[in-house]
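The values are calculated or read from the model by the stated rules, or taken from the named source; none is laboratory data. These numbers come from a predicted model, not from an experiment. Because the Cβ atoms are built from the backbone with ideal geometry, glycine has one as well, and the counts that use them run over all protein chains shown.
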Amino acid sequence: MKLSARAPVRICDNGGWTDTWFAGHGRVCHVAVAPFVQVGIDAMPRGALEKPVRLTARNYGETYLFDPAEDARERHPLLEAAIARIGIPAEFDCDITIHSDVPPGASTGTSAAACVALLAALDVLRGGQLTLRQLAQEAHAVETEMLGGQSGIQDQIAAAVGGINWIEMDEFPQARVLPLTLPRAFLLELQRRLALVYLGRAHSSSGVHQMVIRELEDLGPDNPKLEALRASAAEARDALLAQDLAAYGRALAENTERQAALHSDLVSAAARRVIEIAREYGAAGWKVNGAGGAGGSLAILGGGDGDGREAMLAAIRQEDPAYQVVPIRLSPGGVQVSVRQE
């Protein structure tokens, strides 16, 4: 039996940082996009492999055997923990391959998407018991409960349900997810104008993030910095519902400045330089994706001029050969699993 799963990543996450335990309550407006994280599973009779799992992380060029019941989670802890949480049915060994065309560490929720896609495929292998929201919750539990990591809830939701969403979290980690229903013509224009720029190096959590978390925890959930980010989410939502891309661009740019107010290093020098180029070419807005910091990526909403957009992206590439423009398209759906019997 062969299973294939895919899940989108997210960009333009206005209100990020408020979907966390230390924020307590939050509001997020984000956009799910392809390229997808792809998971392939070749399920074969137990005993076909030396251990129950052969795991290939293609983006890292690694393949190794793994026993989720016995082996320590050392090489790819998130993937290994996800496999252990769902479990491999006793009758199967699984050859698992994971890949994404989004560079690792792009700060687009790629790890969450990999976890959701992997959980979804393994859930189907064992009979299919989990809803999309339950998959998001399980993926969040893998990262926070099993691995003790810091994680908001929005990345897993984007990967599971896709679309453009308004998320209301009244008490961590419970949330209501309201998809924004927008006209096709507007969505096509939004897609045409959005661009994703990888800033040449992987994002990773750092001392800056830990310092921000400690400060926000001390300030409490209703402090002005978090309130400003929650307001940015509402501004993005309202602009999208009004089909006003100029206002949406302003909301993205304003969220980036409110993010920088948490700590100036959350908007890196590389991101600032790309923003300068985007502004020179008439972009409507920009958003440092995810928590921000060194590396990662920037979403840019171009102006209405298609030629200007292409000139802008060319100038960004010329600025630094390490910068990559990642082709994206809107993903109205979330995680999907297909099965082929052999």
>> Filter segment 18-52 down to the residues that are within 30 Å of D71 (Cβ to Cβ), assigned to a strand (DSSP E or B) and among the hydrophobic types (A, V, I, L, M, F, W, C) and list them by number.
In response: F36, V37, V39, I41, A43, M44
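Conditions tested, residue by residue: (1) surrounded by fewer than 24 Cβ atoms within 10 Å (Cβ to Cβ); (2) part of a loop (DSSP other than H, G, I, E, B); (3) within 15 Å of the chain's Cα centre (by Cα); (4) without any contact (Cβ under 8 Å) to a residue 24 or more places away in the chain.
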{"site": "C115", "(1), (2), (3), (4)": "no, no, yes, no"}
{"site": "V124", "(1), (2), (3), (4)": "yes, no, no, no"}
{"site": "E138", "(1), (2), (3), (4)": "yes, no, no, no"}
{"site": "G152", "(1), (2), (3), (4)": "no, yes, yes, no"}
{"site": "D170", "(1), (2), (3), (4)": "yes, no, no, no"}
{"site": "L182", "(1), (2), (3), (4)": "yes, yes, no, no"}
> Given G162, G109, which one is touching a residue at least 12 places away in the same chain (Cβ under 8 Å), in contact with a Pro (Cβ under 6 Å, 6 or more places away or on another chain), under 24 Å from V325 (Cα atoms) and crowded, with 22+ Cβ neighbours inside 10 Å?
Replying inline: G162
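One line per residue, one yes/no per condition, for (1) at pLDDT 95 or above; (2) over 23 Å from A7 (Cβ atoms):
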residue	(1), (2)
V288	yes, no
L298	yes, no
G302	yes, yes
R309	no, yes
A314	yes, yes
R317	yes, yes
Q324	yes, no
G334	yes, no
V337	yes, no
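Residues checked against (1) under 21 Å from R73 (Cα atoms); (2) among the basic types (K, R); (3) modelled with pLDDT under 95; (4) assigned by TED's automatic domain parsing to the domain that holds E62:
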| residue | (1), (2), (3), (4) |
| --- | --- |
| T108 | no, no, no, yes |
| A114 | yes, no, no, yes |
| A120 | yes, no, no, yes |
| L125 | no, no, no, yes |
| T131 | no, no, no, yes |
| Q134 | no, no, no, yes |
| E138 | yes, no, no, yes |
| V142 | yes, no, no, yes |
| G148 | yes, no, yes, yes |
>> Looking at the structure I just gave you, is Y248 closer than 24 Å to T110 by Cβ, touching a residue at least 60 places away in the same chain (Cβ under 8 Å) and either among the small types (G, A, S) or not assigned by TED's automatic domain parsing to the domain that holds V28 (or both)?
In response: no
> For segment 216-226, what are the residues that are exposed (fewer than 13 other Cβ atoms within 10 Å of the Cβ) and part of a helix (DSSP H, G or I)?
Replying inline: D218, P224
